[in-house]
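Okay, structure first, notes after.
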Amino acid sequence: MSAAAAPAPLAADRASILEAPTPPAWVEDALSHLPELLLDHANCEKKAASSALALMFAYAEDTRLALALSRLAREELRHFEQVQKALGALGVAFARQRPGRYAHGLRSVLRSGEPCRKLDLLLAAALIEARSAERFALLAPHVPPPLERLYEELSASEARHFELYIDFARTAAPQEWRSRLEALASREAQLATTADRLLRFHSGPLERAPEV
């Protein structure tokens, strides 16, 4: 693929690859647990950079992908720095958190053999970026001033990232990428929309006690 022509831009709205929208209850929970959410957001930016670098090492022969992911990883680390600055401005101290179910749940359905694994990793990354873009846009009108403009900018940035991952997935498997995306999107939607024990940036809404 390193010698192939660049894939044509994918004209797609971020919502087009998500099977289900974020529930309003998640937005309510996020705003009620903002310090916890922001700490997880900072961690997500580090993980996004780490995942991009891992793909670079795993598929070093794909030089076009490596160059694109190098730029993406640097951008994710800049986002991490911006979130850290916002945490300081809001007086949110660092605290370690238990990992949520989202990333592990999505990884659990990825295939292990090549070339299937490369396709699945690209599509999973696209879904994560698309969900991030959607949630930044949902939160931006409601968060404190240090975050409002940042989240608007991050929504646009993550939308570009998801399109990049989709473009590479489409080039890697022109006949399969769409059907495989649908399968992974189903799992992603389940993880992002059903009741969850922990509030995280990509979690579902928090479990609620049944009404008596």
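The values are calculated or read from the model by the stated rules, or taken from the named source; none is laboratory data. In this text, all values refer to a predicted model and were calculated from it rather than measured experimentally. Here the Cβ is made from the backbone with ideal geometry for all residues, glycine too, and neighbour counts use every protein chain on show.
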- Message: Every residue in the range 91-104 that is more than 15 Å from LYS47 (Cβ to Cβ) and surrounded by 15 or more Cβ atoms within 10 Å (Cβ to Cβ), please.
- Response: VAL92
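For every residue, the table says whether it meets (1) modelled with pLDDT of 95 or more; (2) over 18 Å from GLU158 (Cβ atoms); (3) within 14 Å of the chain's Cα centre (by Cα); (4) not in a helix (DSSP H, G or I).
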position	(1), (2), (3), (4)
LEU55	yes, no, no, no
GLU61	yes, yes, no, yes
SER70	yes, no, no, no
GLU76	yes, no, yes, no
GLN82	yes, no, no, no
PHE94	no, yes, no, yes
ALA103	yes, no, yes, no
ARG111	yes, yes, no, yes
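Table: residues versus (1) touching a helix residue (DSSP H, G or I) at 6+ places or on another chain (Cβ under 8 Å); (2) modelled with pLDDT under 95; (3) crowded, with 19+ Cβ neighbours inside 10 Å.
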{"position": "ALA172", "(1), (2), (3)": "yes, no, yes"}
{"position": "GLU176", "(1), (2), (3)": "yes, no, no"}
{"position": "LEU184", "(1), (2), (3)": "yes, no, yes"}
{"position": "GLU188", "(1), (2), (3)": "yes, no, yes"}
{"position": "ALA192", "(1), (2), (3)": "yes, no, yes"}
{"position": "ALA195", "(1), (2), (3)": "no, no, no"}
{"position": "SER203", "(1), (2), (3)": "yes, no, yes"}
{"position": "ALA209", "(1), (2), (3)": "no, yes, no"}
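Is one or more of the residues making up the range 125-133 farther than 18 Å from ALA156 by Cβ and either of a type in the set (Asp, Glu) or not in a helix (DSSP H, G or I) (or both)? Outline the logic, then answer.
Going residue by residue through the range 125-133, those that are farther than 18 Å from ALA156 by Cβ are none.
Within the range 125-133, not a single residue is farther than 18 Å from ALA156 by Cβ and either of a type in the set (Asp, Glu) or not in a helix (DSSP H, G or I) (or both).
Does the range 170-183 include one or more residues that are under 20 Å from LYS47 (Cα atoms) and either under 17 Å from the mean Cα position of the chain (by Cα) or of a type in the set (Asp, Glu) (or both)?
The initial filter retains those residues of the range 170-183 that are under 20 Å from LYS47 (Cα atoms), namely none.
Looking through the range 170-183, none of the residues is under 20 Å from LYS47 (Cα atoms) and either under 17 Å from the mean Cα position of the chain (by Cα) or of a type in the set (Asp, Glu) (or both).
Quick one: which residue in PHE162, PHE136 is closer than 18 Å to ALA20 by Cα, among the hydrophobic types (A, V, I, L, M, F, W, C), without any contact (Cβ under 8 Å) to a residue 60 or more places away in the chain and not in a loop (DSSP other than H, G, I, E, B)?
Values: PHE162 fails: without any contact (Cβ under 8 Å) to a residue 60 or more places away in the chain.
Result of the check over PHE162, PHE136: PHE136.
Take the range 111-130 and flag every residue that is farther than 15 Å from SER186 by Cα, crowded, with 24+ Cβ neighbours inside 10 Å and among the aliphatic types (A, V, I, L, M).
First, pick out the residues of the range 111-130 that are farther than 15 Å from SER186 by Cα: 111-119, 121-122, 129.
Right, trim to crowded, with 24+ Cβ neighbours inside 10 Å and you get 122, 129.
The one that is farther than 15 Å from SER186 by Cα, crowded, with 24+ Cβ neighbours inside 10 Å and among the aliphatic types (A, V, I, L, M): LEU122.
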- Task: Please work out which one of (1) farther than 16 Å from GLN82 by Cα; (2) buried (at least 17 other Cβ atoms within 10 Å of the Cβ) is the condition HIS142 fails and give its number.
- Result: (2)
